[in-house]
Amino acid sequence: MISHHVVDRGVPFGELPLPENIEPMVIHAPVGDLTALHAPKGVRGARGVAMMIPGFTGSKEDFYQISSILGEDGWDVWSYSQRGQADSVAPRGRTAYDRRATAGDAVDVARILIEHTGAKRIHLLGHSFGGVVAQAALLADPDLFASLTLMSSGPHGWPGRKVDLRQRLLDHPGGDLWRLDNPDRASLPDEELNPQDRFQRLRAERTSRDQLIGAIDQLADLHDRTEQLAATGLPMMVFHGEHDDFSWPQDWQARMARLLGARYEVVADAGHCPNIDRPEETAALLDDFWASAQDKR
């Protein structure tokens with residue numbers, strides 16, 4: 001069993017109420033401390049181990065609800081804030097946020113969790129930009145993973161993607177993304193914001209500008225890795241919300257699923273974040289897929 005010095009108890013980030021069966025953790029990765037959430041509290045292994053990677057502007061807290069549900073269903077579920085997100089370590093310089101670096105963190109975290117939990121392989125999920133990172137991590141070391149799930153994430157980028165947002169970040173070096181998007185509320189005291197807005201503002205001010213620009217540059221990358229992913233032979237699932245019009249075109253995601261030989265699902269009445277919009281349905285979908293993937297290993 002791995003030393004407790006590699007995975008330790010952490011503290012909650014922000015003031016959103018933490019579900020009772022979730023514990024905040026710190027993963028002491030090679031890059032530095034990556035903050036994490038674990039469910040169910042104090043339990044290891046269970047039906048299988050899963051690791052979830054948040055998307056652009058996101059953090060581990062995006063998985064509060066589905067982690068809690070999946071933990072109750074017997075899964076050992078971990079999520080972590082990527083380098084530069086929220087309260088995780090934030091190296092300086094945009095080159096610290098290229099694909100090799102972010103995928104390397106995912107591989108490092110997977111290896112640490114495998115040793116910490118005793119699992120042979122881990123189910124990997126990436127949301128949106130986290131799916132880009134997950135694809136690269138899987139290709140870097142396929143033997144670590146039991147399956148791949150891409151939630152609201154697609155095969156490749158396109159020229160000029162988020163170029164306007166990138167320029168706004170460069171033009172306003174003193175402001176975070178939430179304040180840029182909400183100028184009328186940027187300077188309000190915390191007590192005049194609702195809890196969700198307080199959390200969003202805190203997360204935005206703690207998120208690295210270099211991380212955001214590095215993520216935008218990765219999202220614009222034209223390289224399609226679908227063929228290499230399919231060649232790994234791992235069980236895969238691609239799904240998104242019925243009303244997701246925020247990231248990749250839905251037909252791109254459907255085509256990627258076909259080329260991967262992956263299960264393809266659409267979550268009704270959900271947008272870009274089915275994990276938040278429809279947590280019960282999303283957790284049930286993951287429970288079913290991970291169980292079937294376990295049977296194939």
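The values are calculated or read from the model by the stated rules, or taken from the named source; none is laboratory data. In this text, all values refer to a predicted model and were calculated from it rather than measured experimentally. In this analysis, Cβ positions are derived from the backbone assuming ideal geometry, glycine residues included, and neighbour counts consider all displayed protein chains. With ligands, DNA and RNA removed, areas are computed over all heavy atoms of the protein, side chains included. Shrake-Rupley method; radii C 1.70, N 1.55, O 1.52, S 1.80 Å.
Rounded, prolate or oblate: pick one for the range 131-232, where a ≥ b ≥ c are the square roots of the eigenvalues of its C-alpha gyration tensor, a/c under 1.5 means rounded, and failing that, prolate if a/b is larger than b/c, else oblate.
On the way: a/c = 3.26, a/b = 1.94, b/c = 1.68.
Prolate.
So I have (1) 52, 41, 37; (2) 66, 38, 35; (3) 68, 65, 34, and one of them is Cα extents along the principal axes in Å calculated from this model. Which one is it?
(1)
Excluding residue 135 itself, what net charge comes from residues whose Cβ is under 12 Å from its Cβ, given Lys and Arg +1 and Asp and Glu -1?
Result for the neighbourhood of residue 135: -1.
Can you give the local net charge around residue 71? Use residues other than it whose beta-carbon is closer than 13 angstrom to its beta-carbon, Lys and Arg +1, Asp and Glu -1. It would help to have the intermediate numbers written out before the result.
Values: positive: 41, 44, 47; negative: 20, 23, 72, 73, 76, 287.
Result for the neighbourhood of residue 71: -3.
Summarise the long-distance tail of P(r) for the range 247-291 by giving the % of C-alpha pairs beyond 16 Å.
Working: 442 of 990 pairs.
Distances greater than 16 Å cover 45 percent of the Cα pairs.
Once phi is turned into ³J(HN,Hα) by the Karplus curve 6.51 cos²θ - 1.76 cosθ + 1.60 with θ = phi - 60°, what whole-Hz value does each residue of the range 124-139 show in order, with x for glycine and proline?
My calculation for the range 124-139 gives 10, 10, x, 9, 6, 4, x, x, 4, 5, 5, 4, 5, 5, 4, 5 Hz in order.
For the range 154-288, count all C-alpha to C-alpha pairs, find those more than 21 Å apart, and express that count as a whole percent of the total.
Values: 5245 of 9045 pairs.
Cα-Cα pairs of the range 154-288 separated by over 21 Å account for 58 percent.
Using θ = phi - 60° and the Karplus relation 6.51 cos²θ - 1.76 cosθ + 1.60, list the HN-Hα couplings for the range 161-175 in order, rounded to whole Hz, with x at every Gly or Pro.
4, 6, 5, 5, 5, 4, 5, 4, 5, 5, 7, 10, x, x, x
How many percent of DSSP beta bridges within the chain run antiparallel, rounded to 5?
On the way: 15 of 38 bridges.
Bridges in the chain that DSSP calls antiparallel: roughly 40 percent.
If I build a Gaussian network model for the chain, linking alpha-carbon pairs within less than 10 angstrom, which residue out of 223, 28, 272 has the largest mean-square fluctuation?
Its mean-square fluctuation being the largest, the pick is 223.
What number comes out for the charge environment of residue 118, summing +1 per Lys or Arg and -1 per Asp or Glu over other residues with Cβ under 15 Å away? Present the calculation step by step, with values, prior to reporting the outcome.
On the way: positive: 44, 47, 111, 120, 121; negative: 76, 115.
Summing Lys and Arg as +1 and Asp and Glu as -1 gives +3.
Over the chain, give the accessible area per residue in Å² for a 1.4 Å probe, as an integer. Please report the intermediate quantities before stating the final value.
Details: 12520 Å² over 297 residues.
Accessible area per residue: 42 Å².
With the full set of protein chains in place, find how many percent of the accessible area of the chain is carbon and sulfur; take the probe as 1.4 Å. Numbers along the way, then the final one.
Details: 6140 of 12520 Å².
The computed percentage sits at 49.
Given R₀ = 51 Å, what would the calculated FRET efficiency be for residue 268 paired with residue 187, taking r from the Cβ atoms and rounding to 0.05?
0.85
Measure of size requested: the Rg and Dmax of the range 219-297, with Cα atoms as the atom set and Å as the unit; please supply both.
Using the Cα atoms of the range 219-297, the pair Rg, Dmax is 13.3, 36 Å.
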